[in-house]
Structures are given as C-alpha cells and as structure tokens.
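This report refers to the structure that appears directly beneath it.
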Amino acid sequence: MTKICKYCKKEFTPMKPGHDSCHDCWMKHEYVPPRTCKNCGRPIGDHPSNHQYCSECNTKLFHS
C-alpha cells in the first residue's frame, strides 16, 4: 500500500496506516528531538516542559 506525502507529494510506503508523510518530510516538518539538559546533555523528557536541567544539574547549579 502506498500513499502520497502531504508535504512533497511524492509516493511513499507508510510503516503504519496512520502515517501521511514520507520519512524525509516527517524529519523536516514534524520531528521533535528529545529534550536534553542544557548543562550535561542527559535526556529530560520525563521532566515538566519548563525544566531545562536534569535533577542532578539543577541541584548542583541552584541548591548548593
């Protein structure tokens, strides 16, 4: 089964039936990279969206 990409209008084979853009266009328009700590680079996707640092760096920077 093939579909037409909603961005570039090229034909592609979706990995799941709900996909409506090819991989390249998805990476360009829809992909949201995982959030990382501004100090050490660890992933912080499990923290609230307004957090910029992991728990360890937050403690070091603001509570010591």
Quiz item: Do we have residue 40 as of a type in the set (A, V, I, L, M, F, W, C), part of a helix (DSSP H, G or I) and free of Cβ contacts under 8 Å to residues at least 40 places away in the same chain here?
Solution: no
Quiz prompt | Filter result for residue 34 (open to solvent by 80 Å² or more (accessible area, probe 1.4 Å) and within 17 Å of the chain's Cα centre (by Cα)) | solution = yes
Quiz prompt | Flag for residue 10 being in contact (Cβ under 8 Å) with a residue 12 or more places away in the chain and in contact with a Pro (Cβ under 6 Å, 6 or more places away or on another chain) | solution = no
Quiz item: Would it be correct to say that residue 9 is open to solvent by 70 Å² or more (accessible area, probe 1.4 Å) and in a loop (DSSP other than H, G, I, E, B)?
Solution: yes
Quiz item: Is it the case that residue 62 is touching a strand residue (DSSP E or B) at 6+ places or on another chain (Cβ under 8 Å) and of a type in the set (Phe, Trp, Tyr)?
Solution: no
Exercise. Would you be able to say whether some residue in the range 29-46 is closer than 30 Å to residue 1 by Cα and either among the hydrophobic types (A, V, I, L, M, F, W, C) or in contact with a helix residue (DSSP H, G or I) (Cβ under 9 Å, 6 or more places away or on another chain) (or both)?
Key: yes
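The values are calculated or read from the model by the stated rules, or taken from the named source; none is laboratory data. Everything numeric in this text was worked out from a predicted model, so none of it was measured. Please note: Cβ atoms are built from the backbone with ideal geometry, for glycine as well, and neighbour counts cover all protein chains shown. These accessible areas exclude ligands, DNA and RNA; they are computed on the full protein's heavy atoms, side chains included. Shrake-Rupley method; radii C 1.70, N 1.55, O 1.52, S 1.80 Å.
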